[in-house]
Each structure stands twice: as C-alpha cells, then as structure tokens.
Amino acid sequence: MLHYPNNDIPEGREDMKVAVDFDGVLNSYTTPWEAPHKIPDPPVPGAIEWLNSLPADWEVYVFTTRAQSVDGIMAVRRWLKRYGYWKAPWTIVTQQKLAAHVYIDDRGYRFTGDNFPTAATIKALERWGHQSAPSALQEKEGVITP
Ligand SMILES: [Mg+2]
C-alpha cells in the first residue's frame, strides 16, 4: 500500500504531476540574478515543508531557466537538498514545459477559455513581493528576468 503524508488525495488523482517554478516560488530570489548556478537566497517560507508534504509517489518537476546548464541543474538540486527536500537527488530540474497536472509559477496567468489578457493586463501583472517596485528595465521594456 502506498503511503501518503497527507490524506487529501482527490479520488482518481493518485498519480499527479506537479511542475513548480524555482525562482520566486521555491527560492526567495531576493538577490539580483548573477548566474544559473549561483543561488544565494533561502527558500520562500514554507516552500520546503510544502514539497515534503506532497505524496511520495507524485512527480514534482522544477522548471527554471537555471536548467540551461548542467551547473545550474546541479546547483538547484544541491539547494533543494541543503534546505531539506528529501527527493532532491531525484528531482527533475528542467527548462522545458513537461506534462503536468498543474504549473505553479509566480508569473502565471490562468487562462479559462476566453480571457485572453490584453496588453495592459499583461503589463500590469507583477510577481508577488514586487508589486510596488518593478525594475526600471521591466517598466521600460517589459523584459522578463529568470
Ligand atoms: Mg519565477
């Protein structure tokens, strides 16, 4: 019998695949970007506890532009291990959009069939924790940082 750390598995959804963004969701990412393998910041409060609370047989993918290099992939795995994610050594770290039941991202917009965002809506979307201080570059160009 499978062991579930919690008992809130929706019926018929025992094999969930969850894709989680790294910077801004797991990593607090308060230090400006330097390189894919440089991750100086601690987790967002509760992030590791949340990862560890997911059922053991669910697949968790971490998606991040840091995965553009092997050094970046290994750095993310080391960071997950350092902060206590028990599945860190087996966690898929990718910059591809792999099949998943849900994508958890601090830059996401939920499409519900007919709500294509206008340009103004897109420009108004901001990461949590950055609502009052978008970077000058983001304001000027709408450039997305990792
Ligand atoms: Mg992010």
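Things to note:
- Listed residue pairs exceeding 18 Å between alpha carbons, taken from Lys38/Lys81; Lys97/Lys123; Lys17/Lys87: Lys97/Lys123
- For the stretch 72-100 versus the stretch 10-54, the gap between their alpha-carbon centres in whole angstrom: 9
- Rounded to 5, percent antiparallel among DSSP beta bridges of the stretch 17-106: 10
- Kirkwood-based Rg to Rh ratio, the stretch 17-106, C-alpha trace: 0.92
- Stretched out straight at 0.36 nm per residue, the stretch from Val102 to Glu14 would grow longer than its current Cα-Cα span by 30.3 nm.
Every number here is computed from the coordinates shown, using simple stated rules; none is lab data. Just so you know, these numbers come straight off a predicted model, no measurement behind them.
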